[in-house]
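Okay, structure first, notes after.
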Amino acid sequence: MAMVAWLFTALVITQTYTANLASMLTVQKLEASISNIETLQKINASVGNGKGTFVKTYLEEVLDFPAESIKSYTTPNDLVDALRNKEIAAAFLEVPFAKLFLARFCKEFMIAGPTYLIGGFGFAFPRGYPLLRDVDKALLKVSESGKYRKLEESMIGSEKCEDTDVKDESSSLSPNSFFILFVLSGGVSTIALTLYTISAHKSCVQQNAIWRLMLAVIKRWRNHNRGFSRRVSDLPQTELKNCPKATNLQIQV
C-alpha cells in the first residue's frame, strides 16, 4: 500500500507540473501586457507612431490621446528601441506598415486590441485627367485578380525576422524543460523503493523472530514430553522392586 501511495503522489506531481508548463507556454504566446486603448488612457501612457503620417491626428482627434503623450519616430529601429526602453507603451501604425514591422520583429512584438478601419490611401489626379478611368480599371483588376494579396504576401515573406537575439522560450521544448519533472519523479520513486525495501526487511525480520520463537517452544515442548515419558516408564520397575512377590502374598493370606 505504501508503494501505491508514493506512486500515486508521483503521478499527481507529474500531472501538475505538465499542466503548469502548458499554461505558462500558452500565456507567453497569447497574452499582451496591454490589450486595449482604455488601459493606455487610464495609466496616461505614451504611445508612438510613424513620423509624417495621419496617425498622429487620428490619435488626437478620434481616440482622444493628449498631444504630449504621442511621440513620432522616423525609422522602425527607433520605434523598436522606444518600445524596448519603455519610452512608449504601444505603437499605432498603418496596417501595411504594421504587418511589415511584425514580419521583421516577429518574436518580440504582437498585435493587441482592435484594428481601426479608415479610408486608407488614395490617388489624386487633376479634374478631367484622361487616364483616370484606366487607373481605376487597373486598380480594380489588381484587387479582383488576387495580385494585390500575392504582392502583399511576397513583400511580407521577404522580410526576415531580425530579433534573433531574443530568447524564444516558448517555441519548442527540450529535455531541459522536463529536468525538474525527471528529478521529482526519480526522487519520489527512489524514496518509495527505499521505504518498501526497509518495510520488507522489517517484515522478514519479524517473521524470522516469530518462527524462531515457535521453533523454540516446539523444541522445549518436545524435550518436556520426552522427559515425562522417561519418568513414567521408570516408575513401574521401581514399584515391582519394592513390592512383595505374588507367591509371598498368597502364603501370608
The condition from (1) assigned to a helix (DSSP H, G or I); (2) at pLDDT below 70 that ALA192 misses is numbered (2)
Inset, instruction - State whether one or more residues within the stretch 22-36 are at pLDDT 75 or above and among the basic types (Lys, Arg). - result: no
Expected output for the stretch 196-220 (first residue at pLDDT 70 or above, partner surrounded by 10 or more Cβ atoms within 10 Å (Cβ to Cβ), Cβ below 8 Å, 6+ apart or cross-chain) is TYR196/ALA2; TYR196/MET3; SER199/ALA2
Output for Cβ contacts, cut-off 7 Å, separation at least six or different chains, first residue in contact (Cβ under 8 Å) with a residue 12 or more places away in the chain in the stretch 39-59, second charged (D, E, K, R), reads SER46/LYS71; SER46/GLU87; GLY48/LYS71; ASN49/LYS56; THR53/GLU94; VAL55/GLU94
Looking across the stretch 104-120 at residues that are within 28 Å of the chain's Cα centre (by Cα) and either at pLDDT 80 or above or among the polar types (S, T, N, Q) (or both), the single one that is farthest from ASN77 (Cα to Cα) is ALA112
Taking the stretch 96-115 and keeping residues surrounded by 13 or more Cβ atoms within 10 Å (Cβ to Cβ), assigned to a loop (DSSP other than H, G, I, E, B) and not hydrophobic (A, V, I, L, M, F, W, C) leaves LYS107, GLU108, GLY113
Among the residues of the stretch 55-71, the number that are among the charged types (D, E, K, R) and either under 11 Å from GLN41 (Cβ atoms) or in contact with a strand residue (DSSP E or B) (Cβ under 9 Å, 6 or more places away or on another chain) (or both) is 4
If you go through the stretch 160-170 one residue at a time, do you hit one that is surrounded by 10 or more Cβ atoms within 10 Å (Cβ to Cβ), part of a loop (DSSP other than H, G, I, E, B), modelled with pLDDT under 70 and small (Gly, Ala, Ser)? yes
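The values are calculated or read from the model by the stated rules, or taken from the named source; none is laboratory data. Note that the coordinates shown come from a computational prediction; the quantities given were computed from them, not determined experimentally. Reconstructed Cβ throughout: ideal geometry from the backbone, glycine too, with neighbour counts over all protein chains shown.
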